[in-house]
Structure formats: structure tokens, C-alpha cells
Amino acid sequence: MTKPASSTAFGARFGYRISPVGLTAAAVVLFWGAVALFAPRLVPYSVGEIVDADYFGPISRELWLGSDYLGRDVFSRILMGARYTVGISLAAVAIACICGVTLGMIAAITGGLPDTILSRFLDAMSSIPSKLFSLVVVAAVGSSIPVLIITLSVIYIPGAYRFARALAVNINTMDFVMVARVRGESLGYLIRAEILPNIVGPVLADLGLRFVFIVLLLSGLSFLGLGVQPPYADWGALVHENIGGLAFGAPAVIFPSLAIASLTISVNLLIDNLPTKIRDRGAA
Amino acid sequence: MRESLVQIRDLKVEATTDSGRKVEIIRGVSLDIAVGEIVALIGESGSGKTTIAMTLLGYARSGCTISGGAVWVDGADIVAMSETEKAAVRGAKIAYVPQSAAAAFNPAIRIMDQVIEVVRIHQLMPPAEARAKAVALFRALSLPDPETIGDRYPHQVSGGQLQRLAAAMALIGDPKVLIFDEPTTALDVTTQVEVLRAFKAVIGAQRIAGIYVSHDLAVVAQIADRIVVLKGGEVQEEGTTADILNHAQHPYTRQLLAAFAPSPHVVAPVMETPGLKPMLEVHELTVGYGPLQQDGRPLIVAVQSVSLKVAQGRNLGIIGESGCGKSTLARAIAGILSPHAGGIVFNGHELGRNARKRTRDQLRELQIVFQHADTALNPAKSVEDILDRPLAFYHGMSRKARSTRIDQLLDMVRLPRALRQRRPAELSGGQKQRVNFARALAADPKLIVCDEITSALDAVVATAVIDLLKELQRELGLSYIFISHDLSVVEAICDEIVVMYGGRKVEEITPATLAAPQHPYTQLLVSSVPKLDPTWLDTLRQDPEQVRAYCQR
């Protein structure tokens, strides 16, 4: 190996190599996860309460991240916003990947006509611009959290399907799948026991990437005022409502943006630096 | 004593494992190659033979480093050179003929441009001169149409031709040393003969020194002056070809030689009960690929009206060159491919056209074992899980019964029980093939179709696997259909042999009558199997008419 082994002693003990970048990224992701879970207990002020006489107030001892365009506490609003951003994105990515990957594996195993129909249908889906599609849906049925989750997952199903199908087609040509077929195994067993364990690594990496896309799309929708509706606000909505403070360099517009950036970049770095198992046959 | 062109002194190569541990894979090897001498490196896979050969180019695989010793080639130490200096030597002074020419050629560039690329890089001669020289080399390597073959793309020539073109590519820069890395391993025996002849003629004419890496002692006997036997990165034995073949000292060398004389197969007594039907009867089977044509036949017919019979407790061998349809036939019997016409009767019942139309019991009694254990075992599962599934699926055993049975199966295939928790990637090639076989045994089959199961193994390991199969047959009363391109393997285990050519069955023989086959293709096949006798290739006389008729060389 030409690359210097930058593994931590902690990981090596369990037979894994963990890079420091991955560890930092994981810490940031875990931090936001914890914030989303425990936000109601952490917030110093109620999110709707006007606590500052000034608007776009500066960072102070009382208001850690300043105040927003109505004089509300930005810190509390970001903590609560994490719930919507992380929660909605997580739900959407889970639905998108479970549906996409399952359909992809079924298509790869079955082949023939079902594969063609499924592939062409989802190709047609993915040819619709994602922002436009979500705009139309939200305009038609109105914005609510379930609608957002379903719209976001529908948008990302074709991508997950394509990815999983491409991986599963490669595994499907292997002899061990053939052995299982001539053993008389059912479709469900082939997918669960033969294909899935061999594609789960790339699929998880893809899931992380798709989560990032969904966070960005959700924030974009909220920024346009079509996402999470007031009085609730996710990070995109926070940027949107405080955009007027940009001219003053107000912390109220900078920190929600930093929150979005830190979450997406960390997830990206984490999936690029997942722990790798140390395979060493001869080692004691 | 002739002067040495290549001197390898106390060579050490180190590999760094995943956890950063250093492992010495070549442990102080020294050897000499004189001008015009071919030295063969022989040993099982993992013995370091290719690694040593590659150090002549100053190259070590990624993850490996040359950690000690010197490799003097024509008065210069390659190990001490800088990358730029090495680049100047590679191709010009030392050249390499790869194992798989098909993988070594770029499919998008014409052959001629690839052959003369070395000359262009080192600016040895003008392109027109290089082309003329390449054509001369093509002629010397007895390639067909030497004037125009260079204008083709790699997929437009046969495997044997491509291997010779790879040799032409290596020879064009007039190297002093050639490295042959198992250049005929991937070829059919009938093609191998011609390629070996061509190599030998060119080497003799140009007095080229070389290293010939192989695991096939009989091939090496034809071409090498001296043989070096390796095991575990160390030289076990060294001597002239005649010495090694006749007076081998080292136990490993003797094992290698013994692998060439497999224990003769005791032919099972023929049960001449007229009323008893054979266990498997294949009747006029036609199998093909691609969409059906207007005449109702598939686009490519791979197997054409083949009939065969296998009796209980007896073994049938199917032999033929690659592309003759033997694997397709096996897949049709196992129910992977649907035959286009004909039928298969197993135990008195007509089998469904494919696996879906067969009952679970029919599938259980007829198992197939694939050639590549690497791809036939799910890399994400442990040995235990792999063997567990057929037990649960076919026999519905309880967890405890399955666990006991897994231990029994591992004992049967002579694998230590401690391997249960291992993943396939953590096993050797021979061990993987045993697990692969144990999985078929787990079904309690009556007939096992073995598709080239020893082809990817070393001679010594393959012999051990064959012996195991024979033993299991005695204990369990199994029958095998044994598919191979290796005549000696089939001879060692089969009662009847079917010879296939071009999708048709050309002859049915028994090992006893193998010496005097009737069909010309069988005659050619039998005569092409290399023998340990170093004079075999030089004295081999094959009817050129037959060769033309049956080899697309």
C-alpha cells in the first residue's frame, strides 16, 4: 500500500480501518442527528417567541446566533429546523432507496419483459425535471409534510432503481446465483440472500449521496416558499425568511446556510471514508 | 560454462498486507540464465514464479516491493535503476509475453499498430521498417496471411493466433531476454501444439534467453533447457530438464511428476441387466442461443442432436475444445438452458425443459458443479451458510441436524472443520473447489455434473480433487458427468468418454480404446496432449490435413 496507513488504534482493534476525516464527518452527522431528536429539550427560547427588540440582531451572550427578521432566537430556530430537514429527508431517502433497490433487484433477476417495462417507465420518470415536478405537485395539492416526503421519494426512486439494477445485473451473472436458481430458489430468496449482501456496500454509499440531494432539494423548495410552511421552518425556510439580512451580514442568514452545508458535506465525506475491513488471512 | 546474461542474486520481494504487516513472498532466490538459454520456473499458484519473472522488468505488483537482492540483466542491475531507466530497458532489452493475450491487446486498435508500438516508443527504427520486420516475425511464427493479419483487430483472430501475435510484439524490439508468463495455459491442447512449435522455432533462430513460467511440466519439458522448481518463494530444486524429469530429488517435484501419472480408474462393473434402464438418458438434444429464426431454430446452435446415456454408478466424460458445446450441454442437462429439441430422461421420468419445470426432488438428485469456485460461491456468505442452505431447502433439517451434517460434509471433502466460519475469499483455490463440491453433496444427489472443475487448479491439487471424487463415488454410489478439455483428467475418472466437436458428438470411446481412436478429431486431440518426454514436440507428426480441418489456427 503506497498510502500511509492512517488508521486509529480504536478501529484497528475491531479489524477496521477508520480514517480521521470519516470520523470527524461521522461526529458532525451524529451531532445533527442528536439535535433533531432532542431539539425541544435543548432550545433556550420558544421558536415563536419574539425575544429581541431589534431585528437581525448580532451574536450576543443571550442570543448565541443573533435574532431573525422578527427578533426571534435564530439558535432555537435552527435546532428545531434540524428536525424538519433531517426528518423529512431521512424518511424520503428511506422510501426512495427501499423501493428503488427492491425494484432494481427484481428487474435484474427477472429480466425480459418485466425488466423492460419497469426500466422504461422509470426512465420516463427520471426525464421529468425534479424541481419542476415538485413545484407542480406542491402547487396542485398544497404543501404538507407527508406530501413533501412522498414527492421527494418519488423523484429519487428512478435513480436508486438504476443504480441497484446495474449492480444487481453484474451479480446476477455470477455462478452462485445460477446455482441457487437450479436449486429451485424463489425470487425473494435470490434477492435477499444472494444479491443484496453483495451490493449492500455501494447501495449504502448511494443512499448517503441521495440523502444529500434530498436535503438540498428540500432546502431549495423551502427557500422558494413551497416546502415546510410557517409557523414551522426547516433550514431552507430559515434562509428564505432571513434573506433580507444578507445586506447587513446578519448571522440569521449565514448560520442556517452553514447548517445545510455542514450536514451535506459531512454525509458526503462520511460515505467516501466509510471504515474498511482489514482483510489479513495470516495475521494472528 | 557460458557467461550469464541474467543473474538474480538473493532476491527478496515483500508484500504489505492490509493491516500493514510485511510478508516476505520471495525469500532469497538466486538464479542464472545464460545467453540463448530458456529457464523454466515451475510451481503451484502462489509459489512466486510470476513475481520472480516480473522482477526482471524491475516490476513488482502494487502492494509489493523488491526489498533486497539484485537482478543483473546484461551487466546492469534493474533493481537499482530509476523508473526512467527501467522504462528505457523494458520492451527494448527485456520483453514480456502475457498469459492472456486476449486481455493484453487493446480491442480498439489494429494489431499492427500495437505490435510496432514498442519500436515507436523506443524510437528504434522507422515505422516502415518496423512493419516489414513485424511481417517477417509473423511469418516466422507461422501465422496465416502474414502480410495482412496486422490490419485486423484483435477480435478477428483466434486465441492461438493472438498469443503468437503477442510474442511478435515482444520480439520486435530485439530483446535479449523474454519473459513467457504461462503463454499457452489458456489455449486448447490442439492449438497449444502449434503455438509451442512457433515459440520454439523463433527462440532457436534468434538465440533468445528467457524465463518460461508455467505449472505444466510437460509443456516446460518441450521448451526449457533448465527447470527451477519453486515453492513458497524459495527454490526447491534446480537442474537441467532431463535431470528434473528423470532424477527428481525434492518431494514436491516428485508430487508434480506423479500428478502426470494419475492412479488408473477402476472401471465399475457393467450391470448387464437388460431390463434396467440407464439413470440418465439424453436423446437427440439440440440447444442454442439467440432468438428463433424463421425455420424455427435458434440463431446459434451450440449443441446439435447429441444423445448419451449414464448408468447408475458409472461416469461419463465429455471432452472437446473450447466452444465445442460441452458446457452448453451440461447446462441444458442441469436445466439452466432450455433445449430447443430432444429430451432428457432421468430415473425413468422425462425431465422438464428447464429448472422451473422440474420438481424439487428432480433438481436435488441432479446437481451441477461449476468450473470457477470463485464465482460459484457467494462471497458474502461463510462456508457454513453456503452448505446450510441446501440442507434446509431440500431436506428441511433442524438447525442442530444441519450443523452436524455440515461437519460431516466438511469431513467428506477433507476440509478442516475450523473453516466453517471462513468466507470464500479466505480459502485457497483447492479449498474453494471442495466447498463448491460439498454444496452439491449436501443435496444427496444421484448424479453430479462437473463442468471443468479441475481446470482452474494446479496439477497437484487437481489430482487430489480427482482422487477425492473417486473416493466419494465408492462411498456414496454417485455418478458423474465429467466435462473437461483435459484428456488425462477424463481418462483418470471416466468409464465412457464422449468426444464433441462443433456441437456434435463425434465419437464415443472408453479409456481402454483411447489409444486407438477412430475419428480423425479424436486422433488429433489424443496426439496433442503434451508428454513429459522432452523430444515429444520435435518428433510429433500430425496429419496436416487433419490439423487444417479441425483447428482454426
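We did not get these values from a lab; they are worked out from the coordinates using the rules stated. Because the structure is predicted, anything quoted here is derived from the model rather than measured. Glycine gets a Cβ as well: all are built from the backbone with ideal geometry, and neighbour counts include every protein chain shown.
Relative contact order for the stretch A:40-272: 26 percent, from Cα pairs under 8 Å spaced at least 6 residues apart, divided by residue count.
For the peptides B:190-202, B:6-18, the ranking by mean Cβ contacts within 10 Å, running from highest to lowest, is B:190-202, B:6-18.
The Rg/Rh ratio of the protein assembly as shown, with Rg taken over Cα atoms and Rh as the Kirkwood radius over Cα pairs, comes to 1.05.
Taking only the Cα atoms of chain B, the radius of gyration and Dmax are 25.3, 78 Å.
What per residue convex hull volume, in Å³, do the alpha-carbon atoms of the stretch B:286-433 yield? The partial results should precede the final answer.
Working: hull volume 22.5 nm³, N = 148.
That works out to 152 Å³ per residue.
What value in Å³ per residue do you get for the convex hull of the alpha-carbon atoms in the stretch B:4-258?
Numbers: hull volume 33.5 nm³, N = 255.
Taking only Cα atoms, the stretch B:4-258 has a hull volume of 131 Å³ per residue.
Of the Cα atoms belonging to the stretch B:347-475, the radius of gyration and Dmax stand at 14.6, 42 Å. Amide H to amide H, with H built 1.01 Å from N, B:ILE497 comes under 5 Å of B:GLY317, B:ILE509, B:THR510, counting only residues 5 or more places away or on other chains. Mean partner shielding of peptide A:183-193, defined as the number of other chain Cβ atoms within 10 Å of each residue Cβ, is 3. Relative contact order of chain B, taken over Cα pairs closer than 8 Å and 6 or more residues apart, is 15 percent. Peptide packing: for B:125-131, B:375-381, B:291-297, the average count of neighbouring Cβ atoms within 10 Å per residue gives the ranking B:375-381, B:125-131, B:291-297, highest mean first. Scaled to the globular estimate 2.2 N^0.38 Å, the Cα spread of chain A, given as radius of gyration, is 1.20. For the stretch B:27-69, list residues with backbone N below 15 Å from a point placed 7 Å from the Cα of A:ALA205 toward its Cβ? Once the point is set 7 Å along Cα→Cβ of A:ALA205, nothing inside the stretch B:27-69 turns out to lie under 15 Å by backbone N. So what's the net charge close to B:GLY335: Lys and Arg +1, Asp and Glu -1, counting the other residues with Cβ under 14 Å from its Cβ? Neighbourhood net charge equals +4. Summarising the label geometry, the points placed 7 Å from Cα in the beta-carbon direction at B:VAL547 and B:ASN246 lie 2.8 nm from one another. The sum of -39500 (n - 2.57) across all DSSP H runs of n ≥ 4, divided by the residue count of chain B, sets its helix-only mean residue ellipticity at 222 nm to -10000 deg cm²/dmol.
If each residue of separation counts as 0.36 nm, what is the full-extension length gain between B:SER19 and B:ALA201 once their alpha-carbon separation is subtracted? Intermediate values should be presented prior to the final figure.
Details: separation 182, 0.36 × 182 = 65.52 nm, distance 4.79 nm.
Contour length minus the Cα-Cα distance gives 60.7 nm.
The charge dipole of the protein assembly as shown, taken about the Cα centre with unit charges on the Cβ atoms of Lys, Arg (+1) and Asp, Glu (-1), comes to about 1400 debye, rounded to the nearest 20.
Taking each DSSP H run with n ≥ 4 as -39500 (n - 2.57) and averaging over every residue of chain A yields -22500 deg cm²/dmol at 222 nm.
Here B:ILE109 and B:SER158 are evaluated by their C-beta separation; at R0 = 22 Å the FRET efficiency comes out at 0.75. As a proxy for reagent exposure, ranking B:GLU321, B:GLU545, B:GLU508 by other Cβ atoms within 10 Å from fewest up yields B:GLU545, B:GLU508, B:GLU321.
Of the peptides A:202-211, A:183-192, how do they stack up when ordered by the mean number of other Cβ atoms within 10 Å, highest first? List each step's numbers first, then the result.
Numbers: A:202-211: 18.8, A:183-192: 15.6.
Ranked by mean Cβ neighbours within 10 Å, highest first: A:202-211, A:183-192.
Which of A:LEU148, B:LEU137, B:LEU472 comes first, and how do the rest follow, when ranked by fewest Cβ neighbours within 10 Å? All intermediate terms of the calculation are to be shown ahead of the outcome.
Working: A:LEU148 28, B:LEU137 22, B:LEU472 18.
The fewest-first ordering by Cβ neighbours comes to B:LEU472, B:LEU137, A:LEU148.
Straight-line cross-link partners of B:LYS12 among the lysines, defined as a Cα under 18 Å from its Cα and at least 8 positions apart when in the same chain: B:LYS22, B:LYS49, B:LYS231.
On alpha carbon coordinates alone, what is the Rg over Rh value for the stretch A:106-147, Rh being the Kirkwood radius? Working shown, then result.
Numbers: Rg = 14.7 Å, Rh = 12.2 Å.
Rg/Rh for the stretch A:106-147 comes to 1.20.
Give me the inter-chain shielding for A:171-178: mean count of other chain Cβ atoms within 10 Å, whole number please. If you can, show how the numbers build up before the last one.
Numbers: counts 3, 0, 1, 8, 13, 14, 3, 8.
Per residue, the number of nearby Cβ atoms from other chains is 6 on average.
Full extension of the segment from B:ARG27 to B:GLU85, taken as 0.36 nm per residue of separation minus the current Cα-Cα distance, would add 18.3 nm.
Mean projected area of the convex hull spanned by the Cα atoms of the stretch A:132-284, taken over all viewing directions: 14.5 nm². Taking a straight Cα-Cα cut-off under 27 Å and skipping sequence neighbours fewer than 8 places away in the same chain, the lysines within cross-link reach of B:LYS133 are B:LYS86, B:LYS93, B:LYS176, B:LYS200. Summarising the amide proton neighbourhood of B:VAL369: residues at separation of 5 or more, or on other chains, whose placed amide H is nearer than 5 Å comprise B:VAL449, B:CYS450, B:ASP451. Remark on B:GLY43: its backbone amide H falls under 5 Å from those of B:SER214, B:LEU230, a criterion applied only to residues 5 or more positions apart or on other chains, H modelled at 1.01 Å from N. Annotation: aspartates and glutamates with alpha-carbon distance below 12 angstrom to B:LYS326 (same-chain offsets under eight excluded): B:ASP451, B:GLU452. Across the stretch B:456-473, rounded Karplus estimates of 3J(HN,Hα) from the backbone phi angles (6.51 cos²θ - 1.76 cosθ + 1.60, θ = phi - 60°) give 8, 9, 5, 3, 5, 5, 4, 4, 5, 5, 4, 4, 4, 4, 5, 4, 5, 5 Hz, Gly and Pro being marked x.
How many partner chain Cβ atoms sit within 10 Å of a residue's Cβ in peptide B:376-383, on average, as a whole number? The partial results should precede the final answer.
Numbers: counts 6, 4, 12, 5, 11, 5, 0, 0.
Counting Cβ atoms of other protein chains within 10 Å of each residue's Cβ and averaging gives 5.
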